[in-house]
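Notes to accompany the following structure.
Just so it is clear, none of the values below were taken in a lab; they were calculated from the coordinates. Treat the numbers as computed from the prediction; the structure is a model and nothing was measured. FYI the Cβ positions are ideal-geometry reconstructions off the backbone, even for glycines, and counts take in every protein chain you see.
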Amino acid sequence: MPTEARSRVIAVERTVNHPLQDTADAYADATGYIDQLPEQTENFRADQLRTSFRRNGSTLMGLRGPEREYVIDRSIQSVLEIGFILGDLQNDWRR
């Protein structure tokens, strides 16, 4: 994976590991990571998760409060899982 993409997913992981950090920062880095992935990653699960991330992003505009935070948290979790699957992260974030 390109170095810039890898640094973005590592930033997401750091933010998640430090609970005082703002999830908006993690979501912004997660979006940047997704944008830098190739259209096809040779891994079906990673492609599935990316599609899910993009679909969730389109629903965020209509959400408020706890529902919005839930979707953001799920999206961030998906990116961490993609990062592990593609070898950009060492920690296993799969559920």
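Axis angle, to the nearest 10 degrees, between helix 3-17 and the longest C-alpha principal axis of the chain: 40 degrees. Cα extents for the chain along the principal axes, largest to smallest and rounded to whole angstrom: 35, 27, 24. Computed from Cα positions, the angle between helix 44-59 and the longest principal axis of the chain comes to roughly 30 degrees.
Normalised by the residues of the chain, what does the relative contact order come to in percent, with Cα pairs under 8 Å and at least six apart? Before the final figure, lay out the partial values.
Numbers: 90 pairs, mean separation 32.0, N = 95.
With pairs under 8 Å counted, the relative contact order is 34 percent.
Going from the residue with the fewest nearby Cβ atoms within 10 Å to the one with the most, Ser75, Ser52, Ser58 rank Ser58, Ser52, Ser75.
The length gained on full extension between Thr59 and Asn43, counted as 0.36 nm times the residue separation minus their Cα-Cα distance, comes to 3.3 nm.
Relative to the longest principal axis of the Cα atoms of the chain, the long axis of helix 65-85 makes an angle of roughly 10 degrees. In a DSSP loop and with at most 14 other Cβ atoms within 10 Å, the trypsin sites (Lys or Arg not before Pro) in the range 5-74 are Arg64.
Taking a ≥ b ≥ c as the square roots of the eigenvalues of the Cα gyration tensor of the range 52-95, is the shape rounded (a/c under 1.5), prolate (a/b larger than b/c) or oblate?
Numbers: a/c = 4.13, a/b = 2.31, b/c = 1.79.
Taking the square roots of the gyration eigenvalues as a ≥ b ≥ c, the range 52-95 is prolate.
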